[in-house]
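Notes follow once the structure below has been shown.
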Amino acid sequence: MNETLLMIPGPTRVSPRVLKAMSENIVNHRSAIFGKILSETTEMMSEVFQTENHSYMITGSGTAAMEAAVENILETGDKILNIVGGKFGERFMNIVKSHGVNSLPLMVEWGDAVNPDDVKNALEENEDIKAVTLVHNETSTGVANPIKEVGKILTDYDALYIVDTVSSLGGDEVYVDDYGIDICVTGSQKCLAAPPGLAALTLSNDAWEVVERTDSQTYYFDLKKYRKSGDAEPPETPYTPAVSLTYALNEALKVVMEEGLRNRIKRHKLAAKATRNAIKSLDLELFPKEEVSSTTVTAVNIPEGVTDREFRGIMRDKYHVELAGGQDHLKGNVFRIGHMGNITHRELITTISAMEMTLRELDFDVEMGEGVAAVADTYLPEDL
């Protein structure tokens, strides 16, 4: 069995009780038994989304929910403002382009967060923008975007507000109703700490009005079908769902409920702070500006004189800690530490200790234990 510690920004480590849930016998996905499980799961999803609206499950990755969110509102001639500050903002833009609709990209330098005033200016210049897409947590850059502030601006405009919370929901503040989010999407394998393969989304009444009058060109992701099936008695999905993954997500959401959403977010914030403190104590450089740094993933510049393959290779092959590399033009220039899901001080201490030994092996002047001490100093006041 692979005992490598997974410290990447998803998929994340899954607890034994969640894994055990997947071993339950398969039931008829059109039965009242599964309907009860599905209903319970979507109700907990709505609670994590912090919305009064219903939530719907899609068998697929977070990208499936991103595509469903966009293509159910698109018609020829529409304009969509895509905020692009990383790989996943770019993905939203590419989804829009793939449907032949006008994408108006608002480009943000990788490592920065979007300025809400720039969103306002774009909306002023293009009064016919139908929707705005924004990635809350850009795992490619380690940046958290100000979804609350952008939501305030959008209250003065008719554009729908679509937010990707795939790598933030359950680990950072996401208040769908309070932030005025019209369509919010997420995935199972990040902060919720369930296996990959499920996505979820929730829509406001305004969003549903647009969906209902849109002649969308999608079949599998037709949200009108998901709404009809999900609101049936017993509730169903329009197509065969991943039954065992639904068991797992149901159990993972119970773990979230037991911990308490606020406590879980607090734990993620503490892990992020501890990680950044450790990185700085080792004289390594954060890639994004610290004031916009993510709560769930930390991106770090690879130190000069060492390659990504050497650094992450030693971490993985010798010390059995898996970190993520950079994406696109950041490949070979940054590494990323995921601290989401079930991560605690124990995993962080193991990771930073392995990093110290790796740096020492690569002839860096590292004071052994300094990074670990920075983690401990961050956590200790919470225990006193």
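The values are calculated or read from the model by the stated rules, or taken from the named source; none is laboratory data. The shown structure was predicted, so the numbers you read here are calculated from the model rather than taken from an experiment. All Cβ positions, glycine included, derive from the backbone under ideal geometry; neighbour counts span all protein chains shown.
Couple of notes before you dig in:
- Summed over segment 162-209, residues that are within 15 Å of Asn72 (Cα to Cα), small (Gly, Ala, Ser) and in a loop (DSSP other than H, G, I, E, B) total 1.
- Test: residue in segment 62-71 that is surrounded by fewer than 22 Cβ atoms within 10 Å (Cβ to Cβ), outside the structural domain of Asp328 (by TED's automatic domain parsing) and within 16 Å of the chain's Cα centre (by Cα): yes
- Test result for Pro303, under 25 Å from the mean Cα position of the chain (by Cα) and either of a type outside the set (D, E, K, R) or more than 26 Å from Val114 (Cβ to Cβ) (or both): no
- Qualifying residue in segment 323-331 (condition: surrounded by fewer than 20 Cβ atoms within 10 Å (Cβ to Cβ), without any contact (Cβ under 8 Å) to a residue 40 or more places away in the chain and not assigned by TED's automatic domain parsing to the domain that holds Ala194): yes
- Residues that are out of contact with any Gly (no Cβ under 6 Å at 6 or more places or on another chain), surrounded by fewer than 16 Cβ atoms within 10 Å (Cβ to Cβ) and under 30 Å from Glu109 (Cα atoms) occur in segment 332-352; there is at least one.
- Residue ID - surrounded by the most Cβ atoms within 10 Å (Cβ to Cβ), chosen from residues in segment 52-61 that are in contact with a strand residue (DSSP E or B) (Cβ under 8 Å, 6 or more places away or on another chain) and farther than 23 Å from Glu90 by Cβ: Tyr56
- The listed residue being modelled with pLDDT under 95, surrounded by fewer than 22 Cβ atoms within 10 Å (Cβ to Cβ) and either touching an Asp or Glu at 6+ places or on another chain (Cβ under 8 Å) or not basic (Lys, Arg) (or both), out of Glu47, Glu90, Glu75: Glu75
- Selected residue [more than 20 Å from the chain's Cα centre (by Cα) and touching a residue at least 12 places away in the same chain (Cβ under 8 Å)] from Lys148, Lys130: Lys130
- All of Ser140, Ser103, Ser98 fail the test of being without any contact (Cβ under 8 Å) to a residue 12 or more places away in the chain and over 23 Å from Asn205 (Cβ atoms), apart from Ser98.
- Output for segment 285-314, where each listed residue is surrounded by 18 or more Cβ atoms within 10 Å (Cβ to Cβ) and either of a type in the set (A, V, I, L, M, F, W, C) or at pLDDT below 95 (or both): Leu286, Phe287, Val292, Val297, Ala299, Val300, Ile302, Phe311, Ile314
- Counting the residues of segment 261-303 that are part of a helix (DSSP H, G or I) and out of contact with any strand residue (DSSP E or B) (no Cβ under 7 Å at 6 or more places or on another chain) gives 17.
- Segment 104-152 - residue that is among the hydrophobic types (A, V, I, L, M, F, W, C) and under 13 Å from Ile181 (Cβ atoms) and, of those, surrounded by the most Cβ atoms within 10 Å (Cβ to Cβ): Val135
- Of all residues making up segment 29-79, the number that are of a type in the set (Phe, Trp, Tyr) and over 16 Å from Lys225 (Cβ atoms): 2
- Count of segment 137-161 residues which are closer than 16 Å to Gly10 by Cβ, part of a strand (DSSP E or B) and in contact with a strand residue (DSSP E or B) (Cβ under 6 Å, 6 or more places away or on another chain): 2
- Any pair with Cβ under 8 angstrom, 6 or more apart, that starts in segment 249-278 at a residue that is without any contact (Cβ under 8 Å) to a residue 24 or more places away in the chain and ends at one that is surrounded by 18 or more Cβ atoms within 10 Å (Cβ to Cβ): Glu259/Arg267; Arg276/Leu286; Arg276/Ser293; Arg276/Thr298
- Entry remark, segment 325-363: residues being part of a helix (DSSP H, G or I) and over 19 Å from the mean Cα position of the chain (by Cα) number 19 in total.
- A count restricted to segment 99-135 and to residues that are within 21 Å of Ile73 (Cα to Cα), part of a loop (DSSP other than H, G, I, E, B) and touching a Leu at 6+ places or on another chain (Cβ under 8 Å) stands at 3.
- Selected residue (only one of Gly313, Gly371 is without any contact (Cβ under 8 Å) to a residue 12 or more places away in the chain, of a type outside the set (Lys, Arg) and in a helix (DSSP H, G or I)): Gly313
- Verdict on Ser229 being touching a Pro at 6+ places or on another chain (Cβ under 7 Å) and surrounded by fewer than 21 Cβ atoms within 10 Å (Cβ to Cβ): yes
- Members of segment 338-348 that are touching a helix residue (DSSP H, G or I) at 6+ places or on another chain (Cβ under 6 Å) and within 26 Å of Thr307 (Cβ to Cβ): His339, Leu348
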